[in-house]
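S.K.: Okay, here's the structure, questions in a sec.
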Amino acid sequence: MTRAKKGIGDRYQTETKYTRDSLGGFDFDVERAKPFKEYPEAERIFSLPDSRPESRAAFWEVLARRRSERSFTDSMLSFDELALLVFATQGITAHYKGYLFKAAPSAGALYPIETYLMVNRIDGLPKGVYHLNIAKNGLELLRTEDMAGQLTAAALGQSMVTHSCVTFIWTAIPGRSKWKYRERAYRYIYLDAGHIGQNLYLAATALNLGCCTIGAFFDEEINSIIGVDGVNETTVYLGVVGNIK
Ligand SMILES: Cc1cc2nc3c(=O)[nH]c(=O)nc-3n(C[C@H](O)[C@H](O)[C@H](O)COP(=O)(O)O)c2cc1C
């Protein structure tokens, strides 16, 4: 029997394995470990409301009800609903000994994932591209154009991007994790993104909204929409949310 040729994915899996003689150490690097990015040049920052859900969604029922939804009505999402979705995915839930902790877990509490939003229909927010400023709990407005068409094309033409109220664009800053985990950091980055994606699904379901995460996209097209270089920071995952049709 001939063995299938090993592709880069197989090599990646092998070369990022921990073995008993390849664990190594690391030097703590506070600057690289800084767990959030800011855009001081953003033309405006919209503070997120400190929203609390009106009803207590039953956890097990939400889990059973979660589904990928891809068809949305034309109605808007409220700013409060958006704030809850942001909280579920990136909200700070604790401070301990100088570290911050968020709603979704992260390897080494290093939080390599950043959030950008492409807003289509959020009550009180102009259409455009925003970056989530974690420190200020606000949305930094980066671009005011309607990017729905371009973002849809970049997501392999998946029309749910155009019809949703908002698209979450999650990037990774590998350096935030690599100083500690070296090449294995890439595994953790994707696991972190998966946790964040699931939190978005569950929060959307609890709010009776529809959500679908997206892994199929032209990486460099999304990177250029949000203005990141694809090396020091690169898109890893998307998620759309809207009102279910
Ligand atoms: C990593 C990942 C990438 C995905 N990418 C896409 C995508 O590009 N387009 C899409 O329509 N659904 C995408 N999905 C949603 C899956 O198709 C969906 O989760 C799967 O069909 C199971 O259905 P459920 O989520 O309703 O349980 C993705 C899901 C995951 C976890």
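Read the figures in this text as sums done on the coordinates, not as results from a lab. The structure displayed is predicted, hence computed values, not measured ones. All Cβ positions, even for glycine, are placed from backbone atoms using ideal geometry, and neighbour counts span all protein chains on display.
S.K.: Once the cut-off is 17 Å, how many percent of the Cα-Cα pairs in region 163-222 end up in the long-distance tail?
M.R.: Counting pairs separated by more than 17 Å, the tail of P(r) holds 50 percent.
S.K.: Relative to the longest principal axis of the chain, what angle (0 to 90°, nearest 10) does the C-alpha long axis of helix 79-90 take?
M.R.: Tilt relative to the chain: about 10 degrees.
S.K.: Which value, to two decimals, describes the C-alpha radius of gyration of region 34-159 once divided by 2.2 N^0.38 Å?
M.R.: That ratio works out to 1.16.
S.K.: Hey, what did region 36-242 get for relative contact order, percent, Cα under 8 Å, at least 6 apart?
M.R.: 27
S.K.: Name all residues of region 121-158 having a backbone nitrogen under 20 Å from the label point set 7 Å from the Cα of LYS245 along its Cα→Cβ direction, giving them as ranges.
M.R.: Once the point is set 7 Å along Cα→Cβ of LYS245, 121-122, 148-158 turn out to lie under 20 Å by backbone N, inside region 121-158.
S.K.: By what distance, in whole Å, do the Cα atoms of region 113-212 stretch along each of the three principal axes, largest value first?
M.R.: 40, 29, 27
S.K.: For the chain, what does the helix formula give at 222 nm: sum of -39500 (n - 2.57) over DSSP H segments with n ≥ 4, over the residue count, nearest 500 deg cm²/dmol?
M.R.: So the calculated ellipticity at 222 nm is -9000 deg cm²/dmol.
S.K.: Rule-of-thumb check for the chain: C-alpha Rg over 2.2 N^0.38 Å?
M.R.: On the way: Rg = 18.5 Å, N = 245, 2.2 N^0.38 = 17.8 Å.
This ratio for the chain stands at 1.04.
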